[in-house]
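The values are calculated or read from the model by the stated rules, or taken from the named source; none is laboratory data. Please read all numbers here as calculations on a predicted model, not as lab measurements. Glycine also receives a Cβ, built like all others from the backbone with ideal geometry; neighbour counts cover every protein chain displayed. These area figures cover heavy atoms from the full protein model, side chains too; ligands, DNA and RNA do not enter into them. Shrake-Rupley method; radii C 1.70, N 1.55, O 1.52, S 1.80 Å.
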Amino acid sequence: MNFTISKSVFYDALQKVVGVVPPKTTISILTCILLELEENTLRITGTDLEISVTLSLNVNRLEDGAVAIPARLLLEIVRELPDVPLNIASEGEERIILKTDKGEYKISTDPREDFPKTNVEEGEFHFSLQSKVLDHMINKTIFAVSADELRPALTGILVEFFPTEIRFVATDGHRLARIVHQYDLPPEAIQNKVIIPTKALNLLLRNLEPNKSVDVQIGEDHIVFTLENSTIYSKLISGMYPNYERVIPQDNDKILQVNRELLISTLRRVSIFSNSLTHQVRFILTPDELTIHSEDIEFGAEATEVISAKYKGEWLQIGYNSAYLMDVLRHLDSEEVIFELKNAVSAAIMYPPEQESDEVVTMLLMPIRLTEEDAEEEDENEAESEHVYEADSSTEENEQPDEGDAKEINE
Amino acid sequence: MTRNIIHIDIPDFHIAVERVLEPRLRKRPVAVAIETTTRSLVFSVSGEARQNGVFPGMPLYQALKNCPDLIVLPPNEELYVRATRAMMEIVSRFTPVFEPLRFGHAYLDMTGSGKLFGGVKDAAVKAQREIRNRLRLNAGAGVAGNKLVSKVASDVVTTSGEHHGLCDVRHGYEENFLAPLRVGLLPGVKKKVREQLLDLNVRLIRELAVISSENLQMVFGRFGLLLHRRARGIDNRPVQPPKRAPEIVEVDTLDDDSNDYYFLRSRIFRLLARAARRLREKKLRTARMVIEIHYSDYKEDSARRRFTPCNDDAGLVPIVNNVFDRALGRRVRVRKMTLRLCELSPEPAQLSLFAKEKNPKLGAVTSAMDKIRDRYGEDAIRFGRAA
């Protein structure tokens with residue numbers, strides 16, 4: 001094998017493939033990538049046996065050949081080189097020499113035969129999606145994926161196919177992100193659902209090129225994304241995804257609308273004072289006002305900020321993990337955000353006031369159970385608010401605090 | 001900073017504790033053994049019994065042959081645990097860094113506490129006095145700069161017959177102190193090592209200390225290096241307070257031994273109710289249950305199970321049924337039952353989307369039962385079972 005390639009092109013290509021190489025493995029060949037040169041096309045393949053990435057690029061060929069080469073070593077040396085043409089040539093069967101005008105680097109290689117072969121089986125159905133759409137749907141959901149290896153189904157994104165829409169859903173049990181995109185699918189795809197591993201989707205995001213179409217082929221236990229210059233093959237996660245639709249509340253009757261950026265910046269400040277383990281912040285909702293409070297009892301620190309918001313419900317106090325909440329808010333693009341709430345122990349539904357014409361984004365976040373001290377304080381606040389409302393009862397009859405909710409919190 | 005370690009040692013602890021309860025046992029040969037068969041082994045012996053040729057580990061028939069007047073007592077573990085706990089409570093007042101070794105033995109790290117007790121020797125004397133006054137137990141004490149030498153020092157005191165004596169080894173004199181002593185006094189030098197050393201004509205520690213570590217390693221392997229250091233009084237081990245994972249333990253010692261399955265099961269349910277209530281009071285959940293069955297022949301069986309964390313009776317009852325059935329493996333009468341709830345974790349504050357839907361009525365029942373027990377006592381209300 002002998003070819004010449006520009007450093008920047010080669011480095012970009014390596015970066016797209018090396019992500020699949022496992023950092024620790026008992027099978028040493030998996031730490032390598034396979035370089036195959038045939039005519040003027042160099043194919044770079046990396047795999048961890050579950051996921052494979054193959055990328056093709058044009059090079060100046062001098063001699064065909066194929067070798068497996070340690071991925072991270074190659075990436076590190078190429079990264080450190082200046083942007084000059086590189087010549088990569090085999091030296092015998094066990095080494096390659098990477099030459100620049102400044103010097104040369106010799107790297108031990110393994111024979112091509114030792115590198116695992118990826119057999120891409122024919123898929124059951126396939127369809128095409130614009131890279132922009134795919135990128136958007138993955139980015140809107142991937143943050144909510146669980147890292148809990150004990151619940152493997154939650155470590156991937158659920159993709160559901162309906163006659164006129166595709167749904168991407170991710171959850172870690174505390175928050176849930178769902179995006180529905182209007183799309184006409186082939187009939188054989190309907191009523192199918194698959195769970196795609198996060199690692200494969202991250203690799204796909206890295207390989208996506210703007211304004212290009214991606215061919216998605218789905219088989220019984222695998223998925224193949226075919227891009228213009230690369231192919232990503234991944235095993236699907238087997239297992240039952242929980243019935244997420246059942247946990248989306250249907251009777252949240254309290255609506256809060258607040259400026260998203262304002263809420264994020266307030267949360268960032270207030271959460272500095274929250275407990276470092278729970279990141280708990282308290283939302284206290286009163287008409288047209290949202291009070292955000294946090295405290296760290298261990299350090300005697302607390303913070304309170306009041307921001308204006310559109311809210312016409314009853315007095316309500318809810319605890320949230322500020323890190324989770326900020327994550328959700330950052331993944332909504334709109335200026336304002338709507339919260340649909342019920343009480344202090346039910347999931348909040350969050351979504352932008354105006355959705356895109358061909359998509360619907362929905363986020364869910366479970367609250368933190370407030371501590372007894374909070375609940376006691378809540379009682380006091382409730383009593384105070386009752387007093388305020390009694391004074392104003394002629395004008396705000398509908399805003400009496402709900403005793404039932406408070407009882408639920410206390411219990 | 002120079003370290004100051006005290007080793008407290010109550011000689012013949014089991015006998016000493018029995019003698020506190022039964023003064024008539026004093027000055028008489030006493031042994032602790034399970035008296036079910038004559039082949040049972042002697043567990044612990046008094047000094048008087050030792051003088052008559054009775055030693056721990058000896059078959060009981062042999063002990064009775066050597067000493068026909070021997071008084072044999074059954075082991076009373078509960079009593080020993082209670083006495084050890086009381087002793088640890090006393091030593092904990094002298095230092096927060098103490099390491100219980102076994103029944104009646106503890107290391108105290110007194111480093112840096114000179115201003116509190118006026119010197120480590122004074123502290124040792126005070127601790128001995130406290131143990132004698134409050135528990136009526138004689139404790140020997142060894143004071144030194146490390147655990148090894150303090151242990152040997154207390155052994156020197158107790159084996160010399162001075163059960164409440166004190167031996168203080170000054171800093172820098174460790175090797176001199178150990179030199180004339182028998183090698184058997186070094187920790188880890190048991191019968192087999194002693195015999196090997198005897199083959200090398202080594203009887204005293206000073207004879208051991210002059211052998212190079214390389215030569216000792218040739219004979220004893222890695223232990224040779226340790227032996228070399230010990231013979232020179234070198235020991236850098238820290239005093240380590242007991243590491244105990246938090247757990248909730250409930251024990252039921254039956255008034256009369258029983259092998260009635262339904263009776264025993266009802267008692268274990270009672271233990272569970274108590275333990276689960278303590279769990280809820282502390283706002284914790286458990287993920288592991290252990291049941292230990294102590295039979296009247298002093299044998300034990302146990303069973304354990306891990307499960308999804310919970311703290312309500314309804315969730316724990318099916319588990320206790322299963323674990324109890326597995327633990328109760330014999331038809332012998334049961335003397336005592338212990339229930340442990342381990343792997344405790346706080347109730348999660350972050351609510352889950354997919355939490356199992358709990359029966360709210362069951363939660364309310366548990367809460368109401370807890371309130372009734374708070375007001376009218378533990379046995380005021382219990383779970384029943386449909387026939």
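From the residues in segment B:335-356 that are part of a loop (DSSP other than H, G, I, E, B) and more than 10 Å from chain A (Cβ to nearest Cβ), which one is most open to solvent (accessible area, probe 1.4 Å)? Out of the qualifying residues, it is B:LYS356. Inside segment A:135-166, residues that are of a type outside the set (Val, Ile, Thr) and under 18 Å from A:HIS222 (Cα atoms) make up a count of 7.
The rows are residues; the columns are (1) modelled with pLDDT of 85 or more; (2) of a type in the set (Gly, Ala, Ser).
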residue	(1), (2)
B:ALA63	yes, yes
B:MET88	yes, no
B:VAL91	yes, no
B:THR95	yes, no
B:PHE98	yes, no
B:GLY118	no, yes
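I'd like the residue in segment B:227-269 that is without any contact (Cβ under 8 Å) to a residue 40 or more places away in the chain and open to solvent by less than 70 Å² (accessible area, probe 1.4 Å) and, out of all such residues, is farthest from B:PHE177 (Cα to Cα). Step by step, filter segment B:227-269, then rank; the result is B:SER266. Would you point out the residue of segment B:310-334, among those that are surrounded by fewer than 19 Cβ atoms within 10 Å (Cβ to Cβ) and not in a helix (DSSP H, G or I), that is nearest to the other protein chains (Cβ to nearest Cβ)? Restricting to residues being surrounded by fewer than 19 Cβ atoms within 10 Å (Cβ to Cβ) and not in a helix (DSSP H, G or I), the top hit is B:ASP312.
The residues on offer are A:GLY123, A:GLY92, A:GLY156, A:GLY103, and the sole one that is small (Gly, Ala, Ser), in contact with a strand residue (DSSP E or B) (Cβ under 9 Å, 6 or more places away or on another chain) and surrounded by fewer than 19 Cβ atoms within 10 Å (Cβ to Cβ) is A:GLY123. Among the conditions (1) over 16 Å from the mean Cα position of the chain (by Cα); (2) at negative phi, B:GLY53 misses just one, which is (2). Remark: B:ARG277 matches the filter, which requires a residue to be charged (D, E, K, R) and open to solvent by less than 50 Å² (accessible area, probe 1.4 Å). Listed conditions (1) in contact (Cβ under 8 Å) with a residue 40 or more places away in the chain; (2) more than 18 Å from B:THR253 (Cα to Cα); (3) open to solvent by less than 40 Å² (accessible area, probe 1.4 Å) are all met by B:PHE307, apart from (1). Close contacts from segment B:162-191, counting a first residue that is outside the structural domain of B:GLY142 (by TED's automatic domain parsing) and among the aromatic types (Phe, Trp, Tyr) and a second that is at pLDDT 90 or above and open to solvent by 80 Å² or more (accessible area, probe 1.4 Å), with Cβ to Cβ under 8 Å and a gap of 6+ residues or different chains, come to none at all. Could you tell me whether A:LEU267 is among the aliphatic types (A, V, I, L, M), surrounded by 20 or more Cβ atoms within 10 Å (Cβ to Cβ), within 26 Å of the chain's Cα centre (by Cα) and modelled with pLDDT of 90 or more? Here the answer is yes, as A:LEU267 does meet what is asked.
Taking the criterion of being within 11 Å of chain B (Cβ to nearest Cβ) and more than 20 Å from the chain's Cα centre (by Cα), no residue of segment A:357-366 qualifies. Residue-level analysis places A:TYR244 among those that are within 14 Å of chain B (Cβ to nearest Cβ), open to solvent by less than 40 Å² (accessible area, probe 1.4 Å) and touching a residue at least 24 places away in the same chain (Cβ under 8 Å). Evaluated against (1) surrounded by fewer than 16 Cβ atoms within 10 Å (Cβ to Cβ); (2) outside any loop (DSSP other than H, G, I, E, B), B:GLN217 falls short on exactly one condition, (1).
Return yes or no: is B:GLU292 modelled with pLDDT of 90 or more and open to solvent by 30 Å² or more (accessible area, probe 1.4 Å)? So B:GLU292 passes the test. Of all the residues in segment B:18-36, those that are open to solvent by 70 Å² or more (accessible area, probe 1.4 Å) and either touching a strand residue (DSSP E or B) at 6+ places or on another chain (Cβ under 7 Å) or modelled with pLDDT under 85 (or both) number 3. If the condition is being part of a strand (DSSP E or B) and either open to solvent by 10 Å² or more (accessible area, probe 1.4 Å) or within 14 Å of A:GLU356 (Cβ to Cβ) (or both), then segment A:169-185 contributes A:ARG175, A:ARG178, A:ILE179, A:VAL180, A:HIS181, A:GLN182.
Exactly one residue out of A:VAL194, A:VAL216, A:VAL169 is within 14 Å of another protein chain (Cβ to nearest Cβ) and on the phi < 0 side of the Ramachandran plot: that is A:VAL169. Answer with yes or no whether A:PRO249 is within 25 Å of the chain's Cα centre (by Cα), in contact (Cβ under 8 Å) with a residue 60 or more places away in the chain, within 14 Å of another protein chain (Cβ to nearest Cβ) and within 19 Å of A:ILE368 (Cα to Cα). Taking the combined requirement at face value, the residue satisfies it. Close Cβ contacts (under 7 Å, 6 or more residues apart or on different chains) running from residues in segment A:71-86 that are surrounded by 14 or more Cβ atoms within 10 Å (Cβ to Cβ) to residues that are among the charged types (D, E, K, R) comprise A:VAL78/A:LYS7; A:LEU81/A:LYS7; A:LEU86/A:LYS7.
Scanning segment B:357-373 for residues that are more than 14 Å from chain A (Cβ to nearest Cβ) and either modelled with pLDDT under 85 or open to solvent by 30 Å² or more (accessible area, probe 1.4 Å) (or both) yields a count of 2. Residues that are over 21 Å from B:VAL239 (Cα atoms) and among the polar types (S, T, N, Q) were ranked within segment B:142-180; the one that is surrounded by the most Cβ atoms within 10 Å (Cβ to Cβ) is B:THR158. Of the candidates B:ARG194, B:ARG206, the single residue that is part of a helix (DSSP H, G or I), basic (Lys, Arg), surrounded by 14 or more Cβ atoms within 10 Å (Cβ to Cβ) and touching a residue at least 12 places away in the same chain (Cβ under 8 Å) is B:ARG206.
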